[in-house]
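Heads up: the structure comes next, in structure tokens.
The values are calculated or read from the model by the stated rules, or taken from the named source; none is laboratory data. Since the model is a prediction, treat every value here as computed from it, not as a measurement. No Cβ is skipped: glycine too gets one built from the backbone with ideal geometry, and neighbour counts run over all protein chains shown.
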Amino acid sequence: MILNLRSMDAQSASNPTTDPGLHVATSPQQTTPRTRSDRRPSSDAAVRAGPDTDAGETFEIRDVAYRVDGRTILEVSDLDFRSGSLSGLIGPNGAGKSTLIKLMARQQRPSAGSIRFDGKALGEWGDREFARRVAYLPQETPTAPGLTVEELVALGRYPWHGPLGSFDEDDRERVEQALVRADVARFSDRLVETLSGGERQRVWLAMLLAQDADCLLLDEPTSALDVAQQVEVMRLVRSLSRDEGLGVVVVLHDVNNASRFCDRLVALHRGEVVARGRPAELVENDVLQSIYGVDMGILRHPSRGYPISFVQ
Ligand code: ADP
Ligand code: MG
């Protein structure tokens, strides 16, 4: 049994015969217990190496296109995302950010081109095997009727223990840790459907943490959060990449959060990568103007020095 998160629109686009929403599929594969120590160590070199070097690559995207009814929604010739690095995907609404992340999460298949994860084409991965390595948070999370917060977060353990394997002490511990790390332990017994949008967003993040994958694909994980919570979640995500070596790709609308927390940024516009690099390289008024189509100004944060953008 593996947990397969599919957003409604992704589901209907990629597999119209399956139920939308939270989807649990069976898989005959054997489970193998894994500890956190199995995870590759954080690669400082990879973080320092900057964009698109060969160090610690996890996702390799080559000549990928995604078309719907003959219309090209996304076209990416060459893009890599590495382990131990926090990459921000930015760009205006409709730029193709969710489409790209869904292709990487195997929620949709590219119309052309190839995506490899850890050297292996996405189509060659078994469901459970992939779910142990890559966790995906859709922009719109499925409804979880009747599930408590703890039950939902525990679903993150499915790729590890399977439907017949017992939910052991280790699973329970990881669920507890995930609840605490995402700051939702106090909601453990609440029904997910009774939570606010921001609370729900952090509960889903907790489920991804419980999944214990090497790579997180997060589509606007901070969209429903207040300013303080946004910073908390971004700190957590940065710590997962820096201290625990995870590769994280996060779609963000807030360029300033992206600039402050991400190691590198990739900007999409009309389905194409229009800029990529370190935040200091991208957060320039002419670059932002070409991405967002509005006149932007840039200041330096008074104590931290990272660039802060504002609309003129
Ligand atoms: P973003 O996440 O950057 O806001 P999306 O990747 O969701 O953008 O969408 C990019 C563009 O592709 C949008 O114009 C959207 O309407 C269109 N699109 C995405 N998926 C589909 C689909 N299944 N059918 C038709 N159009 C789609
Ligand atoms: Mg989107």
### Query
Between a first residue in the stretch 168-193 that is of a type in the set (F, W, Y) and a second residue that is surrounded by 14 or more Cβ atoms within 10 Å (Cβ to Cβ), which pairs have beta carbons less than 6 Å apart while being 6 or more apart in sequence or on different chains?
F187/V149
### Message
Please count how many residues of the stretch 231-263 are within 12 Å of E220 (Cβ to Cβ) and among the polar types (S, T, N, Q).
### Response
1
### Query
Hey, among S77, S114, S85, which residue is closer than 15 Å to L218 by Cα and either away from ligand 1 (no atom under 16 Å from the Cβ) or surrounded by 23 or more Cβ atoms within 10 Å (Cβ to Cβ) (or both)?
S85
### Summary
Checked the stretch 206-252 for anything acidic (D, E) and either away from ligand 1 (no atom under 16 Å from the Cβ) or touching a Phe, Trp or Tyr at 6+ places or on another chain (Cβ under 6 Å) (or both); matches are D212, D214, D226, E232, D243, E244
### Message
Every residue in the stretch 220-256 that is away from ligand 2 (no atom under 16 Å from the Cβ), among the polar types (S, T, N, Q) and in contact (Cβ under 8 Å) with a residue 12 or more places away in the chain, please.
### Response
Q229, Q230, S241, N256
### Odd one out for A224 among (1) of a type in the set (A, V, I, L, M); (2) modelled with pLDDT of 90 or more; (3) surrounded by fewer than 21 Cβ atoms within 10 Å (Cβ to Cβ)
(2)
### Query
Looking at G277, G271, which one is of a type in the set (G, A, S) and in contact with an Asp or Glu (Cβ under 8 Å, 6 or more places away or on another chain)?
G271
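Results for (1) within 16 Å of ligand 2 (Cβ to nearest atom); (2) among the β-branched types (V, I, T), shown as yes or no for each residue.
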residue: R71; (1), (2): no, no
residue: D78; (1), (2): no, no
residue: I90; (1), (2): yes, yes
residue: G94; (1), (2): yes, no
residue: T99; (1), (2): yes, yes
residue: K102; (1), (2): yes, no
residue: L147; (1), (2): no, no
residue: E169; (1), (2): no, no
### Query
Is there a residue in the stretch 215-222 that is farther than 20 Å from E244 by Cα, in a loop (DSSP other than H, G, I, E, B) and within 16 Å of the chain's Cα centre (by Cα)?
yes
### Message
I'd like to check something: does the stretch 248-268 contain any residue that is of a type in the set (D, E, K, R), in contact with a Cys (Cβ under 9 Å, 6 or more places away or on another chain) and part of a helix (DSSP H, G or I)?
### Response
no
### Message
Report every pair of residues separated by at least 6 positions or lying on different chains whose Cβ atoms are under 6 Å apart, first residue within the stretch 102-131 and more than 19 Å from R71 (Cβ to Cβ) and touching a residue at least 40 places away in the same chain (Cβ under 8 Å), second in a strand (DSSP E or B) and of a type in the set (D, E).
### Response
R116/E60
### Task
Consider P159 carefully, then state whether it is within 16 Å of ligand 2 (Cβ to nearest atom) and in contact with a strand residue (DSSP E or B) (Cβ under 8 Å, 6 or more places away or on another chain).
no
### Summary
Of the residues in the stretch 269-300 that are part of a strand (DSSP E or B) and more than 16 Å from ligand 1 (Cβ to nearest atom), the one that is modelled with the highest pLDDT is G277
### Message
Out of A105, A121, I need the residue that is small (G, A, S) and within 16 Å of ligand 1 (Cβ to nearest atom). Which one?
### Response
A105
